[in-house]
Every structure is written in C-alpha cells, then in structure tokens.
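I have placed the structure first, in the form of structure tokens, so that the comments after it can refer back to it.
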Amino acid sequence: MDLISLIKTVGYAGVFLVIFIESGVFFGFFFPGDSLLFTAGFLASQGFMNIWVLIIGVVISAVAGVSVGYAFGFKIGPMIFKREDSLFFHKDNLVHTQHFYEQYGKKAIILARFMPGIRTFAPILAGVGKMNYSVFFLYNVIGGLLWGAGLSLSGYYLGNTIPNIDKYILPIILLIIFVSVLPTFIHIFKEKSAREKAMKLIKNMMPGKNKKILALNWKMNPESLTEALVIAKSSDHKNAIVIPPSIFISEVARILKRAKLGAQDVFYKEVEKGPYTGAVSAKELKNLDVKYVIVGHSEKRAMGETDELISQKIKTVLDNDMIPILCVGENLIQHKNGSTKKILEDQLKSDLVLIDDLKKQIIIAYEPIWAIGSGNPETPENAVETINYIKSSIKKEHPYLDIKVFYGGSVVSQNIADFLKRKEIDGVLIGGASLKPETIFK
Ligand code: PEP
C-alpha cells in the first residue's frame, strides 16, 4: 500500500500515532516520518485533511513522543549502567553520553529530528545522559515545530502550487531527507571536536570496545634515541600509552601510529612558556600530541612533589585537554600497619581538590610504593579491593568525574593477564617491563 492510500485509511489518528512512536519509542525507528508528514501535507492541499488540525496534532505528537523517549532513557539509563560492566553496557558510556549531551545536546535534539532512525534514539540518549530537562524541553518544542510543521507545510505548499505533484512525491521525499541530513554531516566533518565526540560516543556503544589500557612508563630510560625508537616501534599497539622521558617525546611521536603518547611530568603553572629553567609546559606537551601526563608518581613525590603541586599539575593538564594519570599508593610501613585506605583517601582528596568534575576524564594509578620495581606485586585480589575503594571514595566527592583506575607495581609478562582479566582494573601502569614491550604484547 502506498503512503497516500495508507494515510487515507488511518486518518489523523494513525498519522499522529506513527509520529508519536517514531519520535521516541525505541521500536519506532523504522517508521516513515519525513515522507509521512510531507504526504499528509500534500493530502491536506488536496482537501483530504485540514492543514491546521494536521500541524497541531503532528507537533503535539512529536513533542510528546520525544518527551516519552527522554523519560524512558532517564529511567532505564541508571538501571543499565548501575550493573557492573558487561559486554554491551560499560558505565563509561553513561559518562560519554552525559558529556556529549552537555556539549551538543541542544543541536542534537533539533538536528536528530531530521535524521531518520537517529530521531528515535536521540531523545532516549538525552534521558540516559540526564540532559537538563528544561533545556531539553525547549529544544524538543523547537525541533517538533520545525520538523512537524515544516514538512507538513512543504507538502501542503507544493501540493497547492505544482500541478500533478503526486507523481514526483518519491524524488521530493528523497531530496528532503538528503537536504535535512546534510547540515549534520557538514557540521560533524567540519568541526574536529564534534567529530571526535560523535565518534567516541558511537565507538563506546560498540560491544568489546572497552579494551584495557597498558600505560608504559619508561622512566629515565633508555640511554639513546636509537634504543628509544626501537622500543617505541614494538610498543605501538592500539591500547598502549607510550610515556618516554621528555627528551624523546618528539621523536617517538613520529614513530607511533596506533599507540597514544604520554609524558612523565609537566610544569605546574598554566603558562605556555617563560623563565622556568628545566620545566616543560602543558602547552608544549600538547603541541607534541601528548594525550596523557603522569602526575604524582611516587618517585617524583620522593623528590619533593607535594600534594599542592600535584593538584595544580592536574588542573593544568585538564585545562589543556589532556588526561592526567594520577599515581597514588602507600609505602610498606603504611601497608603493614593497615593505613592504606586512609593514605589513599588523603592523597585523592588533596590531589583532586582543584578539579571541577564535569567533562573531565582522569586516570588513577594505584601503585603501592613497596611493589614498584620490587618484583613483588600486590595480588590481583587485593588490588581489586583497593581499586574498588578508590572508585567509591572518588565517586563520593566527584560523582561526575570520568575515572579509570589502573594498577601499577611490578607488572610483568608473567602476571599482566591476571590483572587485566579483572573487570575492576581498567588498565596497568608498567615501569621496568615497558622497556621490553615484546614481552608484554605477546
Ligand atoms: C612505575 O614506576 O610506575 C612502575 C609501576 O614500575 P614497575 O612496573 O617497574 O614496578
């Protein structure tokens, strides 16, 4: 049955119901939307419907459908993501969705109206991402008016002005879909950050995407650039962060194709350059394509890096759109006298004091000092217990912070799998063994 006969059969109620379902009820994504509205508008021009009744009903149904989608996402989001990570649902996705909707929610709600398929899921995701409801509602109404009234009126107008328009309905519909999708694609392709965010959102929705990360801290190694390039080459894996000393960063950057680049330290002040002998600024690192910066490593703390400095470095790293890898951990005495949790809580509290949660991503590396370079790692069971503690204590203070927690301390080829197979451990920070990447990327 063609659309014209279908609309004549189902009438106003059928059109409104389809628009309602398609706007936000998840199984409605394959319903015709643009073509339905255009054809209904055309039928109004031929006297089968009243254009005003049609427009008012369509806009109300579209706005109501999108609101129902939002409510559905708002309710099911926490239920799905409260579960510990599973194949399809990783709680990082919730954070990514929140970030996406904070930044692009208004545009997404309007533009998605014009994108078949996407229009059904966009409001559900806005609910999952807990987009501010009043802002959401305003843009829902604007989108509903533009889309619902716009397409019906186009059909009505063309039906009134072009004789025998019904013969051209199909090509016109295709043109409408093409033209309505075009601005979104232009926007995504032109704006790098929008493109990256959209890709990240899509990628994070894919099963099996959340691979564990191996952060490779070379420390003050190796001695020569030649050796550095050899190590970099064999470390160039998709889930690796290669962290050479700053002297080799720019050369290593040229080699890496898949791995991300990290730095071992950064100047604490938010200045790009200046009279600070020996320092490397966040901006300089960023210009070399560095994405991650280690902060608060116990070896740096032992050289005098205070919590105050660490908190400033974290802020500077985040302000420059890089991700800090904050190292925390207890020494042997503290470990033995049972004060690990207290030590970690104090470190986290003072190191994260300057950050504002939203849109921020941070990695915490739990590195018991006694385990670093000792050949005596913490057991995966104990590491998991402490990592859970770290996650819950950060959540209390910074509920919206996007955190991953790694384990570090004598991770080598023989034990790496035992750590990585624990779902609570998001990755590992590797020191000594990072100089022999072929052993860990077997
Ligand atoms: C480190 O220095 O961060 C570290 C974990 O070292 P290692 O793997 O050598 O213990």
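Table for the structure above
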{"read-out": "Max mean-square fluctuation residue, GNM over the chain, Cα-Cα springs under 10 Å, options ILE51, ILE325, ILE247", "value": "ILE247"}
{"read-out": "For the chain: span of alpha carbons on each principal axis (Å, largest first)", "value": "85, 44, 43"}
{"read-out": "Flagged links, alpha-carbon separation over 32 Å, of LYS257/LYS313; LYS260/LYS300; LYS273/LYS396; LYS107/LYS423; LYS283/LYS395", "value": "LYS273/LYS396; LYS107/LYS423"}
{"read-out": "Angle between the chain longest axis and helix 169-190 axis [Cα atoms, degrees, rounded to 10]", "value": "20 degrees"}
{"read-out": "The chain: most fluctuating residue of GLY375, GLY148, GLY409 per GNM, C-alpha cutoff 10 Å", "value": "GLY375"}
{"read-out": "Segment ILE118-ASP346, extension gain: residue separation times 0.36 nm, minus the distance between their alpha carbons", "value": "77.6 nm"}
{"read-out": "Least to most buried among ARG258, ARG119 (fewest other Cβ within 10 Å first)", "value": "ARG258, ARG119"}
{"read-out": "Only Lys, Arg (+1) and Asp, Glu (-1) charged, at Cβ; the chain dipole about Cα centre in debye", "value": "700 debye"}
{"read-out": "Extension gain from ASN287 to LEU170, taking 0.36 nm per residue of separation minus the Cα-Cα distance", "value": "37.1 nm"}
{"read-out": "Which of LEU37, LEU146, LEU332 has the fewest Cβ neighbours within 10 Å, and the rest in rising order", "value": "LEU332, LEU146, LEU37"}
{"read-out": "Vicinal HN-Hα couplings computed from phi for the stretch 285-291 (Karplus, 6.51 cos²θ - 1.76 cosθ + 1.60; Hz; Gly/Pro x)", "value": "5, 4, 5, 8, 6, 6, 10"}
{"read-out": "Most mobile listed residue (ASP418, ASP426, ASP34) in the chain, GNM with C-alpha springs under 10 Å", "value": "ASP418"}
{"read-out": "Separation of the PHE27 and LYS396 label points, Cα + 7 Å toward Cβ, nm", "value": "4.5 nm"}
{"read-out": "Table column - 3J(HN,Hα) (Hz), the stretch 265-281, Karplus curve with 6.51, -1.76, 1.60, x for Gly and Pro", "value": "6, 8, 5, 6, 8, 7, 10, 7, 7, x, x, 10, 4, x, 8, 10, 7"}
{"read-out": "Over the stretch 101-165, relative contact order from alpha-carbon pairs under 8 Å, at least 6 apart, %", "value": "36 percent"}
{"read-out": "Top positive-direction residue, dipole computed over the chain with Cβ charges, set TYR168, HIS398, GLY14", "value": "TYR168"}
{"read-out": "Percent RCO, i.e. relative contact order, over the chain, from Cα pairs under 8 Å lying at least 6 residues apart", "value": "12 percent"}
{"read-out": "Neighbour-count ranking [beta-carbon atoms within 10 angstrom, fewest first] of MET322, MET303", "value": "MET303, MET322"}
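Throughout, read-outs are computed from the coordinates displayed, never taken from laboratory work. This is a predicted model, so every value here is computed, not measured. Positions of Cβ are generated from backbone atoms using ideal geometry, with glycine treated the same way; all protein chains shown enter the neighbour counts.
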